[in-house]
Amino acid sequence: MLSWTDALRFAFQPVVNLTTGGVAALEILARPETGDILAEAHRDPEVDGRLAVLAFRAAARTETLLPLHINVFAATLADLGGIGPLPEAVRQAGRMPWEVTLDVVPPYTHVPQRSLLEAVATLRGQGFRICADGVGDGDVPLRLLTDLSPDLLKLDASLLGRPAAVRAMRTLCEELGALLAVEGVETELQYTAALSAGAQLGQGELFAPPARIPVAGVYVPPSSATTVSRPRSGPSVREFVRPAALLPVTASASQVRTLLTGSPDVSGVLLVDQAGAPVRSVHRSHFLLSMSGRYGHALYADRPAFKLGDAPRTVGVDATAWEVLDVVAVGGRDRASDDVAVVDRLGRCVGVVHLADLLRALAESRVEEAAGLNPLTRLPGSDTITVEADRWIADGQVVALSWLDIDHFKLVNDGAGFAAGDELIRAVGRAVQEAVVGHARVGHIGGDDFLVLADETGLAPLEAVLDAPWSAAGRPVTLSLATVVCPPGSVADHRQAAACLAPLKKAAKALPGASWVLGRAGSPGYEIRRGSGSHPAQAGYAVLEP
């Protein structure tokens, strides 16, 4: 009599890095030829646990070096306390537990939460990575989701129609130190939405459908199809993580040579200890050059590869691309092309980054910044500031958005000439930028108008700019400043903040002399900090809007 395993086949679907377009991992999907084994696995934890082990073994037989994703029901983990045979199967295949991510799938209803968390803690202790799957379309409670503290969170593509929810999940991932993926991506529009919302990984028919043999390449829409703004501090290293070629630190040079010659796309091998921490980095060209020299194979083949490696270059998962370049800059030129290992909070390797990927992204960001600079002041335009404001708002930070301009600037141009007017604009721009450096972002939105983005504590330096004795060709000039402070949740984006700022701008312009009006989103009235002939020491007079 045939067993259900005899009619079971598996398919592979790539998990795609949305920034680099590379395949970051493979998810193994059960494809029974008869019966409904998935329904049986849902009812019987023993069947589901066995299915997970069979999925891993099917992937191991493909000899892929990619990290693997294996699905398991939340109820299975809670009932079995883990997946007992899986660690041994991983060891027998010569793979590392941290190369396997367990996608914990719903339903979660009626699953004993304490038992589930204990099982996840056991699996983490064994080195496995944890993914919360089906978020947005499943029933995982938010409190349980945070308690799971997954390494990866997979959102259903249906949430892309609710960008605020996706941004909230991205914020949660940043707090948990997790990556964000979107699954079920079928169109380029969904791809653009996922990338714009901050997702680092994606899956779906758009990239590649599930296949019996792992695909060699995936389709990723051209980069010109999307416009994603990156923080000024530089792109996160998470955006560039590629799978690492790992071998145990005890591996011989012959084992490393076999891996490299069989995988021409692998640029190097990391030798890791039992905990998964990088111990040695073996660069492809340096290693093969040593092995191919006269007597090279005889000298090195049976010796530990450790002796042919260098100390690894590592960065944490929270590093920026600029910080990676700082790491690369240390050391000799002969190691400039080495991959940099990315490690998690426990020091375990989660992948590598290629220098070429970083340089390409940073060059693009610099070109985009340069294109957006105002030619008169060399300050960024409004788009840069508003994108940053949206990021702060999405992250739940207090946002203080200020508008500043020169009073009666047309009279300055008419009376002193446009050259004097241009020089005044440049001087004001320099003064604002120097006053708030390290505390705020300054943008020149055209003419004599400037935007300043800061938290509330970064506003004080603007007082000195207002109180400075400004003039153009000997004519005294004053400045007007309006600020709206937006506490978390008070506005949805920069457009709402700008709408709150508009009446404050009008109120500031109505005051004689140097003026500063400050209001708070969602609160009536405003505060006059400068204006009406008041001395700075008398600032703070509250005025209610009619």
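The values are calculated or read from the model by the stated rules, or taken from the named source; none is laboratory data. All figures in this text were calculated on a predicted structure; none of them were measured in a lab. Neighbour counts are summed over all protein chains in view; Cβ atoms, including those assigned to glycine, are modelled from backbone coordinates with ideal geometry.
All but one of (1) surrounded by fewer than 16 Cβ atoms within 10 Å (Cβ to Cβ); (2) modelled with pLDDT of 80 or more; (3) not aliphatic (A, V, I, L, M) hold for E364; which doesn't?
Unmet condition: (2).
Give the residue, chosen from Y295, Y300, that is outside the structural domain of P380 (by TED's automatic domain parsing), at pLDDT below 80 and either surrounded by fewer than 16 Cβ atoms within 10 Å (Cβ to Cβ) or among the aliphatic types (A, V, I, L, M) (or both).
Working: Y300 fails: either surrounded by fewer than 16 Cβ atoms within 10 Å (Cβ to Cβ) or among the aliphatic types (A, V, I, L, M) (or both).
Within the list Y295, Y300, the selection yields Y295.
Please indicate, with yes or no, whether at least one residue in segment 212-234 is outside the structural domain of A24 (by TED's automatic domain parsing), under 30 Å from V282 (Cα atoms) and modelled with pLDDT under 80.
Yes, there is a match, as at least one residue in segment 212-234 is outside the structural domain of A24 (by TED's automatic domain parsing), under 30 Å from V282 (Cα atoms) and modelled with pLDDT under 80.
What do you reckon, is L459 modelled with pLDDT of 90 or more, assigned by TED's automatic domain parsing to the domain that holds R529 and either β-branched (V, I, T) or crowded, with 19+ Cβ neighbours inside 10 Å (or both)? Talk me through it step by step, then tell me what you get.
On the way: modelled with pLDDT of 90 or more: no; assigned by TED's automatic domain parsing to the domain that holds R529: yes; either β-branched (V, I, T) or crowded, with 19+ Cβ neighbours inside 10 Å (or both): yes.
Answer is no for this residue.
Of (1) part of a helix (DSSP H, G or I); (2) among the small types (G, A, S); (3) within 21 Å of A132 (Cβ to Cβ), A24 satisfies all except one. Which?
Against the list (1) part of a helix (DSSP H, G or I); (2) among the small types (G, A, S); (3) within 21 Å of A132 (Cβ to Cβ), A24 comes up short only on (1).
Suppose we filter V182, V166 for residues that are closer than 24 Å to P14 by Cα, in contact with a strand residue (DSSP E or B) (Cβ under 6 Å, 6 or more places away or on another chain) and assigned by TED's automatic domain parsing to the domain that holds P85; which single one remains? Give the steps one after another, and end with the answer.
Numbers: V166 fails: in contact with a strand residue (DSSP E or B) (Cβ under 6 Å, 6 or more places away or on another chain).
None of the other options fit; the residue is V182.
Could you list, in sequence order, all residues of segment 1-41 that are among the aromatic types (F, W, Y) and modelled with pLDDT under 90? First the steps, then the outcome.
Step one: list which residues in segment 1-41 are among the aromatic types (F, W, Y), which gives 4, 10, 12.
Of everything in segment 1-41, just one residue is among the aromatic types (F, W, Y) and modelled with pLDDT under 90, namely W4.
Which members of segment 419-438 meet the condition of being modelled with pLDDT under 85 and more than 15 Å from F450 (Cβ to Cβ)?
G438 - this is the single residue of segment 419-438 that is modelled with pLDDT under 85 and more than 15 Å from F450 (Cβ to Cβ).
Could you grab me the full set of residues in segment 113-159 that are farther than 26 Å from L195 by Cα and buried (at least 22 other Cβ atoms within 10 Å of the Cβ)?
Result: L116, A119, V120, L123, F128.
Would you tally the residues in segment 83-93 being in contact (Cβ under 8 Å) with a residue 12 or more places away in the chain and either crowded, with 23+ Cβ neighbours inside 10 Å or over 18 Å from H42 (Cα atoms) (or both)? Show your work before the answer.
Here is the first cut: in segment 83-93, the ones in contact (Cβ under 8 Å) with a residue 12 or more places away in the chain are 83-87, 89-90, 93.
Applying the additional criterion that residues be either crowded, with 23+ Cβ neighbours inside 10 Å or over 18 Å from H42 (Cα atoms) (or both) yields 83, 85-87, 89-90, 93.
Selection size over segment 83-93: 7.
Return the residue satisfying two criteria in turn: it lies in segment 30-67 and is in contact with a helix residue (DSSP H, G or I) (Cβ under 8 Å, 6 or more places away or on another chain) and in a strand (DSSP E or B), and of such residues it is nearest to L8 (Cα to Cα).
The qualifying residue nearest to L8 (Cα to Cα) is P32.
What are the residue pairs meeting all of these: first residue in segment 195-213, first residue without any contact (Cβ under 8 Å) to a residue 24 or more places away in the chain, second residue surrounded by fewer than 16 Cβ atoms within 10 Å (Cβ to Cβ), Cβ atoms under 8 Å, and 6 or more apart or on different chains?
Here the result reads E205/E186; L206/E186; L206/T187; L206/E188; L206/Y219, each pair linking segment 195-213 to a residue that is surrounded by fewer than 16 Cβ atoms within 10 Å (Cβ to Cβ).
If we only count helices (runs of 4 or more DSSP H) wholly inside segment 69-151, which ones have 3 or more residues that are within 18 Å of L38 (Cα to Cα) and of a type in the set (A, V, I, L, M)? I'd like the intermediate steps shown before the answer.
Numbers: elements: 74-80, 86-92, 113-126, 142-148.
In segment 69-151, 74-80 are the helices (runs of 4 or more DSSP H) which contain 3 or more residues that are within 18 Å of L38 (Cα to Cα) and of a type in the set (A, V, I, L, M).
Restricting segment 137-182 to residues that are touching a residue at least 40 places away in the same chain (Cβ under 8 Å) and in contact with a Lys or Arg (Cβ under 8 Å, 6 or more places away or on another chain), which is farthest from R114 (Cα to Cα)?
If we take residues in segment 137-182 being touching a residue at least 40 places away in the same chain (Cβ under 8 Å) and in contact with a Lys or Arg (Cβ under 8 Å, 6 or more places away or on another chain), then A181 is farthest from R114 (Cα to Cα).
Name every residue in segment 260-282 that is free of Cβ contacts under 8 Å to residues at least 60 places away in the same chain, surrounded by 18 or more Cβ atoms within 10 Å (Cβ to Cβ) and under 26 Å from the mean Cα position of the chain (by Cα), in order of residue number.
V269
Would you check if there is a residue in segment 13-24 being in contact (Cβ under 8 Å) with a residue 12 or more places away in the chain, surrounded by fewer than 18 Cβ atoms within 10 Å (Cβ to Cβ) and assigned by TED's automatic domain parsing to the domain that holds G134? Talk me through it step by step, then tell me what you get.
Kept after step one, since they are in contact (Cβ under 8 Å) with a residue 12 or more places away in the chain, are these residues of segment 13-24: 13-24.
If we keep only those that are surrounded by fewer than 18 Cβ atoms within 10 Å (Cβ to Cβ) too, we end up with 21.
If we keep only those that are assigned by TED's automatic domain parsing to the domain that holds G134 as well, we get 21.
Scanning segment 13-24 turns up at least one residue that is in contact (Cβ under 8 Å) with a residue 12 or more places away in the chain, surrounded by fewer than 18 Cβ atoms within 10 Å (Cβ to Cβ) and assigned by TED's automatic domain parsing to the domain that holds G134.
Mind telling me which of the residues S471, S490 ends up being surrounded by 18 or more Cβ atoms within 10 Å (Cβ to Cβ) and either small (G, A, S) or not in a loop (DSSP other than H, G, I, E, B) (or both)? Spell out how you get there, then give the answer.
Numbers: S471 fails: surrounded by 18 or more Cβ atoms within 10 Å (Cβ to Cβ).
Every option except S490 fails the conditions.
Okay, residues lined up against (1) in contact (Cβ under 8 Å) with a residue 24 or more places away in the chain; (2) touching a helix residue (DSSP H, G or I) at 6+ places or on another chain (Cβ under 7 Å):
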position	(1), (2)
E434	no, no
V437	no, no
L451	yes, yes
L459	yes, no
T478	yes, no
V491	yes, yes
H494	yes, yes
C500	no, no
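Which ones in segment 47-67 are crowded, with 22+ Cβ neighbours inside 10 Å and in contact with a Pro (Cβ under 7 Å, 6 or more places away or on another chain)?
P67
Among the numbered conditions (1) within 20 Å of D44 (Cα to Cα); (2) out of contact with any helix residue (DSSP H, G or I) (no Cβ under 8 Å at 6 or more places or on another chain), tell me where T101 comes up short.
Evaluating T101 over (1) within 20 Å of D44 (Cα to Cα); (2) out of contact with any helix residue (DSSP H, G or I) (no Cβ under 8 Å at 6 or more places or on another chain) leaves (1) as the failure.
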